[in-house]
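Asker: My questions will all concern the structure given below.
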Amino acid sequence: MPAWRLRDFHDDDLDRAIQLWDQDRQADDSPPVFPISEVMAAARAGEFAIVAVVGDDMVGMAVAQAQGERAWITLVALSGMWRNRGIGSALIGELERRLRGQGIRRISALRPPGATGTTALENSGFLTRAGLIFYEKVEHLGASDAGLLAELGGRVLPRGLWDSLGGMEPEKETIERRIVLPLAEPALAERYGVTPPKAVILFGPPGTGKTSFAKAVASRLEWPFVELFPSRLASAGAGGLATSLRDAFADLAELETVVLFIDEVEEIAGVRSGVAVDPGHGVTNELLKLIPGFRDHTDRLLICATNSVRSLDPAFLRPGRFDYVIPVGPPDAVARAAIWQRYLGPAAGGVELHRLVAASEMFTPADIEFAARKGAQAAFEREVVHRLGAPASTEDYLAAIADTRPTLTDQALARFREDIEHYVRM
């Protein structure tokens, strides 16, 4: 077998370094103490980054960060077939030599038991400190993240969006139990063997609140919210939609936490034609390749929404990519009442709510919002002209309902019920 040698890290090593990182992450269920973005930024900016190569192939890497008289070894990663050959000890020894040369007196490392590099650390004379507990509190959005979030068009949503969701209790309960709680209480989830979701699909007729649910999840978790618009990606760069999509995911990898939302995902994940030259074929393939990498990181959630789940490529719907496929249907009478009350506000006490609920049977939450605003606008305009001091009435809202074309149709509801039978996974 050919011999290995050590050299400095080069920027061209970045892709292979991330591959080594991913291999270690797959073999170790514990979340990393130092995120990949921080480790690679240190490797590219400093002198404490060493790689082991065999010919032109990188088979190992070690990185350290210096802080005053202390340094932390933030990464020791090895290719599987090159472990137990002394490479880890050599990498750590070279890091130690360079750190000592800079006056570093104390070198530390935080590694899960049995992780790559633990044997090399022990062989290099590092001692374990028993009885210590690692505590950490992460601010979800640092200064550098804030700038990147702004570039991506994302934002931190106000608290309370979850509690403000009116009606839709069955959907709300499912999303809270399957998605929110395992992510909000990861320690409890781990104790019970529950794996927090990394990617989910919400499907249902247009206007049923899929976007509102995605935003409410981000608000509840207090994670930044980023929405990718397929139409904007298509016009973002000269490399085409697939390249823009890949670049966007690369930028997102720099964020510590994020809820990534893609609405109308069928535009970039539709059923492939099987013809390689079909532009949509390449875009779907690219997204299929990007999702596993996104799933490898903790504290990130991908939510895709579609009005037509049956138009998605079958490979896109496989369990290995999405943990849950959840229907978000039209509101029932109880939900419509709650939604009407939400949009009527103080005016709710002066109208016959049950009549509005009955008249808006085929309305989505978006339709109800539109009709409520339309009824209030009619009352406002009447007051401007006649100055009668009369509030908006039941008749104002009924007239608005009659003048609003409902989103839902019997055909759309029939398709939705069929989709529930075929695609739901929760």
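The values are calculated or read from the model by the stated rules, or taken from the named source; none is laboratory data. Small disclaimer: the values here were computed from a predicted structure and weren't measured. Here the Cβ positions follow ideal geometry from the backbone for every residue, glycine too, while neighbour counts run over all protein chains shown.
Asker: Can you list the strands (runs of 3 or more DSSP E) found entirely within region 45-157 that contain at least 3 residues being aromatic (Phe, Trp, Tyr)? Explain how you work it out, then say what you get.
Answerer: On the way: elements: 49-54, 57-67, 70-78, 106-109.
Here the list is empty.
Asker: Quick check, is Arg342 within 21 Å of Met168 (Cα to Cα), basic (Lys, Arg) and not in a loop (DSSP other than H, G, I, E, B)? Spell out the reasoning first.
Answerer: On the way: within 21 Å of Met168 (Cα to Cα): yes; basic (Lys, Arg): yes; not in a loop (DSSP other than H, G, I, E, B): yes.
The answer is yes for Arg342.
Asker: Please list, ordered by first then second residue, the pairs with beta carbon atoms under 7 Å, 6 or more apart or interchain, first in region 409-422 and without any contact (Cβ under 8 Å) to a residue 40 or more places away in the chain, second of a type outside the set (Lys, Arg).
Answerer: Partner pairs satisfying both residue conditions: none exist.
Asker: Shifting gears a bit: What number goes with the only condition from (1) within 18 Å of Phe322 (Cβ to Cβ); (2) touching a strand residue (DSSP E or B) at 6+ places or on another chain (Cβ under 9 Å) that Val180 does not pass?
Answerer: Just one mismatch for Val180, condition (2).
Asker: Arg25 - would you say it is surrounded by 16 or more Cβ atoms within 10 Å (Cβ to Cβ), assigned to a helix (DSSP H, G or I) and either at pLDDT below 85 or of a type in the set (Lys, Arg) (or both)? Reasoning before the result, please.
Answerer: Working: surrounded by 16 or more Cβ atoms within 10 Å (Cβ to Cβ): yes; assigned to a helix (DSSP H, G or I): yes; either at pLDDT below 85 or of a type in the set (Lys, Arg) (or both): yes.
In short, yes.
Asker: Checking the structure you have, find out if any residue of region 352-359 is of a type outside the set (Gly, Ala, Ser), in contact with a Ser or Thr (Cβ under 6 Å, 6 or more places away or on another chain) and not in a helix (DSSP H, G or I).
Answerer: For region 352-359, residues of a type outside the set (Gly, Ala, Ser), in contact with a Ser or Thr (Cβ under 6 Å, 6 or more places away or on another chain) and not in a helix (DSSP H, G or I): present.
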